[in-house]
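What follows is a short report on a single structure.
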Amino acid sequence: MSPDRGVTEKTSRDRPAALSKAPPVALVIFGASGDLSARKIFPALARLADRGVLDDGFTVIGVARTDWSDEDFRSHVSNATPGGGPKWRALTERFKYVSGEYDHPDTFGQLKDHLDEADRIDGTAGNRIYYLATIPSVFGLVAGALKEHGCNEAKDEDSFVRVVVEKPYGRDLPSALELDVQMHAAFDERQIFRIDHYMGKETVQNLLALRFANAIFEPVFNRRYVDQIQVTVAESLGVEHRGGFYETAGALRDIVQNHVMQVLALTLMESPTSTDADRIRDEKVKLLHAIDIPSPDEAVDKSVRAQYVTGEIDGVAVVGYRQEEDVAADSQTETYVALRLRVENWRWSGVPIYVRTGKRLPARVTEVAVTFHQVPFLLFDHQTSRDLRPNTLIFRIQPDEGISLEFGAKVPGEKFHIRSVAMDFSYDKAFAGAEAADGYERLIHDAMVGDATLFIRSDEVEQAWRIVDPYLTAWSESGSTLHRYAAGTWGPAMADLLVESTGSHWRNPEIDLELSGGRLTELPQ
Ligand code: NDP
Ligand code: BG6
């Protein structure tokens, strides 16, 4: 870690490396009328176009049931990308839209016609990426229909066909296995790109850089030095207008099974032998296999689930989950989860791993905090050193991407008064032009160039379901408690007990959020 105090002027060395030019391709988006397409996919494509990454032979064919014409679709895309520049606007003029049901042959007949036309007129060269960005329950149906209509195979050996599949991949282990059977009936594993946008975030990838490009951290990254690890994925937003989808998912399926498991795997895995996609994925899978799978009874003891009720976010009153659009008045869906996990291997055995995620928490913050043991003997006066906390290494994934190291320092003055300070590395300050991209831009680019490194292999998905399934089973039992928390608070009191039972407490990331500025900063008292 280099504190960016010394960086006074940005040079080209500090700028993010450009993404390589993508090949020509027709991107077919199933669910083109949805929230993900509008909020993430089209803006990411617009940025790629304006950065010159998209080929002139690039186009989009949107597919969904909403009754739109090509013109309606193009104006929807324009509205979703107000900042799009001339290159993007020129490309959007050729975008096409197919309105139809996924179980109707006309939908795929029209799609094939558009694809042929795109090859002839737009120069897409027979390359296709099908992006399954619709509701997860129809992923298998769409894959089957693509095969039935001969859309799953490349035209010749110079062209490619790939499928990008959104999360959650299945609802539990049996349905994930079933979906894999359906996907593999239509596509080879090499063609399947299971997306988890957290893997596209710079700070998530930086977990690898920090651990394996530096000699000073790895020797202390183990049970001898680490006391505990906390992963927090907090959102201040509620479910917005995604109540229908969220009711079928809940926080465990929506965030823990995928984003949290990926972040944990990168934080805790052994060093891969190379950066090849499969070498990294092999190590992630090994780590996931080491995460303890609880019995249903243990799952109850080691988890807390809860739902938000009316409260305030930034002083503004917000409704409770059950009052949100498309949410049942007696919904049992959890909007908050806290878990206590164990990793059973030589490196991590005995180190508690706490994870929590929730909607309508006080702030949007995602971080991994690795807390080290206290010194074995404190030389200094305990009274004047009461503000000294154990060393903690914090990976801030968002917002204000960066890394902080908290350590003790002497407060200037006569006596030995020790308190915690933080050394803070900020991406934004160290690298000119580094954007807080949400991961989609990078991952869509990687799918276009065929780099699967940051995508999820089927065995990773399966093992992640094995880990979370016992909680789903335990919670489905009648009598299982769904706690409540007021919107704008850090979750239910019961979650504090989960951590306190091992003599610990949750970090307060709001305090940590103030550690910005890329300089040695004192922690607020
Ligand atoms: P939406 O609720 O916006 O739904 C997407 C589209 O699915 C809708 O536009 C709708 O299009 C179609 N749809 C809805 N119901 C059905 C149905 N019964 N049969 C067929 N199609 C249907 O979801 P999102 O866009 O939010 O999510 C899509 C996927 O992306 C999910 O897997 C989600 O987990 C994932 N995702 C979403 C993120 C987000 O921020 N939104 C972030 C990360 C992942 P139409 O009615 O026109 O067919
Ligand atoms: C998605 C979830 O996978 O991640 C959403 O479906 C959640 O519910 C989103 O809001 C969070 O992503 P980010 O990039 O904002 O942390």
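Looking at region 169-186, is at least one residue over 24 Å from the mean Cα position of the chain (by Cα), buried (at least 20 other Cβ atoms within 10 Å of the Cβ) and in contact (Cβ under 8 Å) with a residue 40 or more places away in the chain? Among the residues of region 169-186, at least one is over 24 Å from the mean Cα position of the chain (by Cα), buried (at least 20 other Cβ atoms within 10 Å of the Cβ) and in contact (Cβ under 8 Å) with a residue 40 or more places away in the chain, which makes the answer yes.
With respect to Asn152, is the statement that it is among the polar types (S, T, N, Q) and in contact (Cβ under 8 Å) with a residue 60 or more places away in the chain true? Criteria not met by Asn152.
Do we have any residue at all in region 121-138 that's within 16 Å of ligand 2 (Cβ to nearest atom), in contact with a Gly (Cβ under 9 Å, 6 or more places away or on another chain) and in a helix (DSSP H, G or I)? It would help to see each step written out before you state the result.
Keep residues of region 121-138 that are within 16 Å of ligand 2 (Cβ to nearest atom), which gives 131-137.
Checking which are in contact with a Gly (Cβ under 9 Å, 6 or more places away or on another chain) leaves us with 131-136.
After this cut, where a residue has to be in a helix (DSSP H, G or I) as well, the list is 136.
Yes, region 121-138 contains at least one residue that is within 16 Å of ligand 2 (Cβ to nearest atom), in contact with a Gly (Cβ under 9 Å, 6 or more places away or on another chain) and in a helix (DSSP H, G or I).
Test Arg442 against the stated conditions and say whether it is closer than 15 Å to Tyr198 by Cα, within 16 Å of ligand 1 (Cβ to nearest atom) and either among the polar types (S, T, N, Q) or surrounded by fewer than 19 Cβ atoms within 10 Å (Cβ to Cβ) (or both).
Details: closer than 15 Å to Tyr198 by Cα: yes; within 16 Å of ligand 1 (Cβ to nearest atom): yes; either among the polar types (S, T, N, Q) or surrounded by fewer than 19 Cβ atoms within 10 Å (Cβ to Cβ) (or both): no.
For Arg442, the condition - closer than 15 Å to Tyr198 by Cα, within 16 Å of ligand 1 (Cβ to nearest atom) and either among the polar types (S, T, N, Q) or surrounded by fewer than 19 Cβ atoms within 10 Å (Cβ to Cβ) (or both) - is not met.
Just checking, how many residues over region 346-367 are surrounded by 16 or more Cβ atoms within 10 Å (Cβ to Cβ), part of a loop (DSSP other than H, G, I, E, B), more than 14 Å from ligand 2 (Cβ to nearest atom) and not aliphatic (A, V, I, L, M)? It would help to see each step written out before you state the result.
Our first condition is that a residue be surrounded by 16 or more Cβ atoms within 10 Å (Cβ to Cβ); within region 346-367, this holds for 347-348, 351-363, 365-367.
Next, from what is left, pick out any that are part of a loop (DSSP other than H, G, I, E, B): 347-348, 351-352, 359-363.
When the remaining residues are screened for being more than 14 Å from ligand 2 (Cβ to nearest atom), the result is 347-348, 351-352, 362.
So of that shortlist, the ones also not aliphatic (A, V, I, L, M) come out as 347-348, 352, 362.
Going through region 346-367 one residue at a time, the tally reaches 4.
Going through (1) in contact with a strand residue (DSSP E or B) (Cβ under 9 Å, 6 or more places away or on another chain); (2) more than 27 Å from Pro294 (Cβ to Cβ); (3) acidic (Asp, Glu); (4) at pLDDT 90 or above one by one, Asp330 falls short only on (1). Between Asp438, Asp459, the distinction of being at pLDDT 85 or above and more than 18 Å from Leu339 (Cβ to Cβ) belongs to Asp459 only. Taken together, the residues in region 209-246 that are crowded, with 17+ Cβ neighbours inside 10 Å and modelled with pLDDT of 95 or more amount to 13.
Which helices (runs of 4 or more DSSP H) does region 225-338 wholly contain that include 3 or more residues that are of a type outside the set (A, V, I, L, M)? Can you show your working first?
Numbers: elements: 243-247, 261-268, 277-290, 296-301.
Of the helices (runs of 4 or more DSSP H) lying wholly inside region 225-338, those with at least 3 residues that are of a type outside the set (A, V, I, L, M) span 243-247, 277-290, 296-301.
Inside region 29-42, can you point out the residues that are in a helix (DSSP H, G or I) and in contact (Cβ under 8 Å) with a residue 40 or more places away in the chain?
Within region 29-42, the subset in a helix (DSSP H, G or I) is 35-42.
Within region 29-42, Asp35, Leu36, Ser37, Ala38, Arg39, Lys40, Ile41 qualify.
Which of the residues belonging to region 188-198 are in contact (Cβ under 8 Å) with a residue 24 or more places away in the chain and either within 23 Å of Lys40 (Cβ to Cβ) or acidic (Asp, Glu) (or both)? Scanning region 188-198 gives Glu189, Gln191, Ile192, Phe193, Arg194, Ile195, Asp196, His197, Tyr198.
For Val165, are the conditions met, namely being within 14 Å of ligand 1 (Cβ to nearest atom) and within 17 Å of the chain's Cα centre (by Cα)?
Values: within 14 Å of ligand 1 (Cβ to nearest atom): yes; within 17 Å of the chain's Cα centre (by Cα): yes.
Yes, satisfied.
Taken together, Arg65, Arg74 contain a single residue that is among the basic types (Lys, Arg), within 12 Å of ligand 1 (Cβ to nearest atom), modelled with pLDDT of 95 or more and under 26 Å from Arg242 (Cα atoms), which is Arg65.
Region 139-221 holds helices (runs of 4 or more DSSP H) entirely within its bounds, and those carrying 1 or more residues that are under 30 Å from Phe372 (Cβ atoms) map to 202-212. Kindly indicate whether Thr371 is within 16 Å of ligand 1 (Cβ to nearest atom) and either free of Cβ contacts under 8 Å to residues at least 60 places away in the same chain or touching a strand residue (DSSP E or B) at 6+ places or on another chain (Cβ under 8 Å) (or both). No; evaluated as a whole, the condition is false for this residue. The set of residues in region 303-317 that are over 16 Å from Gly358 (Cβ atoms) and modelled with pLDDT of 95 or more comprises Val316, Ala317.
Mind checking whether some residue in region 205-218 is more than 15 Å from ligand 1 (Cβ to nearest atom), in contact with a Ser or Thr (Cβ under 6 Å, 6 or more places away or on another chain) and of a type in the set (D, E, K, R)?
Just the residues of region 205-218 that are more than 15 Å from ligand 1 (Cβ to nearest atom), to begin with: 205-218.
Subset that is in contact with a Ser or Thr (Cβ under 6 Å, 6 or more places away or on another chain): 207, 212.
With the extra rule that they be of a type in the set (D, E, K, R), the set shrinks to none.
So far as region 205-218 goes, no, none of its residues is more than 15 Å from ligand 1 (Cβ to nearest atom), in contact with a Ser or Thr (Cβ under 6 Å, 6 or more places away or on another chain) and of a type in the set (D, E, K, R).
Entry remark, region 54-99: residues being among the aliphatic types (A, V, I, L, M), within 22 Å of His197 (Cα to Cα) and surrounded by fewer than 21 Cβ atoms within 10 Å (Cβ to Cβ) number 1 in total. Residue under question is Thr473, and the condition is that it be part of a loop (DSSP other than H, G, I, E, B) and of a type in the set (Val, Ile, Thr); does it hold? No: the conditions fail for Thr473.
The values are calculated or read from the model by the stated rules, or taken from the named source; none is laboratory data. If you're wondering where the values come from, they're calculated on a predicted model, not measured in any experiment. Cβ coordinates were reconstructed from backbone atoms using ideal geometry, including for glycine residues, and neighbour counts include every protein chain displayed.
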